[in-house]
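Notes follow once the structure below has been shown.
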Amino acid sequence: MSPDTALALCRFLHDASVMLLWGGCAYLAWLVPRELAEAVGRRLRTLTIVAVAVAVATVLLALPLETAEIGEGWNDAIDLETIHDVLFGTTVGSAWMAQFLCALVLAGAALVRWRARLVAMAVASGLLLASLALTGHAVMQSGWTGAGHIANDIVHVLAGGAWLGALIPLLPVLAALSNPARRSDAGRALRRFSNVGHAAVALVLASGLINTLLILGHLPLDWSSPYQQLLTAKIVLVAVMTGLAIVNRYVFVPMMKRSRINVTAALRFATIAEIALGLGAIGAVSVFGMLEPQ
């Protein structure tokens with residue numbers, strides 16, 4: 001495996017785990033009624049621990065992989081002098097130090113007592129996700145344009161993570177609709193997800209368009225460019241996700257009063273499909289984020 005491939009895989013695992021943590025914890029902490037949030041949180045505890053471990057481990061792996069990618073291959077990944085030069089002499093190193101500190105905060109948040117853990121992990125994973133903007137194409141620009149681009153990147157990843165990550169706990173929330181004791185709280189959690197989801201999707205689409213125009217200056221219509229091919233693939237995946245979200249909200253949800261069991265099954269299937277599409281979009285970003293934008 002080449003350093004480029006290993007770095008792309010590392011980026012995918014890191015971005016996916018942090019997005020799932022941010023969106024999932026934020027949804028449970030602030031939008032789901034407390035008793036239901038605690039029940040769902042316990043059900044997802046193993047997945048949460050794995051996501052935290054992956055997020056922290058991929059931060060640690062990123063520095064030697066970045067060094068190998070910048071340098072002359074795998075030998076530089078274990079060369080302490082080269083790692084030192086990258087860490088203290090490049091923007092990649094500065095961004096990595098910020099991400100490392102955020103990863104430490106996330107690891108500490110995972111150890112907080114239960115009632116405060118969701119909020120702590122939402123804040124910590126949100127900071128770690130926002131720090132990804134320090135490694136994107138936005139840092140290639142300077143002045144107000146560069147600052148605005150970084151701010152737009154932060155909005156894009158936080159909105160996208162809020163949307164995608166919340167879909168994971170949404171599955172057990174949907175299952176709770178069949179439990180008479182949980183049905184009221186589950187319905188409230190679904191309505192809140194829908195209301196906030198409108199804003200998250202709108203921010204994803206708007207900030208994504210702005211990013212494209214800031215980087216390319218035009219829409220990605222040159223499909224001979226690998227960068228534009230992958231960017232187009234990401235746009236298509238997000239568009240399909242958006243379509244599924246619209247169908248869920250405006251077709252399936254109004255039908256729930258007539259046939260809750262069948263509609264809940266359809267919502268569950270569509271939610272799983274959205275998660276798969278979202279992971280595909282993250283995979284595309286993990287690759288084209290390393291390419292020269294042209």
Exercise. Identify, by number, the condition in (1) modelled with pLDDT under 85; (2) outside any helix (DSSP H, G or I); (3) within 22 Å of R34 (Cα to Cα) that L111 doesn't meet.
Key: (1)
Quiz item: Within the group L127, L106, L132, which residue is touching a helix residue (DSSP H, G or I) at 6+ places or on another chain (Cβ under 8 Å), modelled with pLDDT under 90, of a type in the set (A, V, I, L, M, F, W, C) and crowded, with 17+ Cβ neighbours inside 10 Å?
Solution: L132
Quiz item: Does any residue of region 183-201 turn out to be modelled with pLDDT of 90 or more and touching a Gly at 6+ places or on another chain (Cβ under 9 Å)?
Solution: yes
Quiz item: Name the residues in region 52-94 that are at pLDDT below 90 and small (G, A, S), would you?
Solution: A68, G71, G73, A77, G89, G93, S94
Exercise. Give region 270-286 a look and list any residue that's within 15 Å of the chain's Cα centre (by Cα) and either in a loop (DSSP other than H, G, I, E, B) or in contact (Cβ under 8 Å) with a residue 24 or more places away in the chain (or both), or say none.
Key: E274, I275, L277, G278, L279, G280, A281, I282, G283, A284, V285, S286
Exercise. Report yes if V32 is within 24 Å of L167 (Cα to Cα) and in a helix (DSSP H, G or I), otherwise no.
Key: no
Practice problem: Select from region 67-108 the residues that are among the polar types (S, T, N, Q) and not in a loop (DSSP other than H, G, I, E, B) and list them in ascending order. | Solution: T67, N75, T82, T91, S94, Q99
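Here is a list: L219, L203, L231. Which entry is under 24 Å from H149 (Cα atoms) and assigned to a loop (DSSP other than H, G, I, E, B)?
None of the others qualify; the one that does is L219.
The values are calculated or read from the model by the stated rules, or taken from the named source; none is laboratory data. Keep in mind that this is a model prediction, so the values were computed, not measured. Using ideal geometry, Cβ is built from the backbone for each residue, glycine included, and neighbour counts are taken over all protein chains shown.
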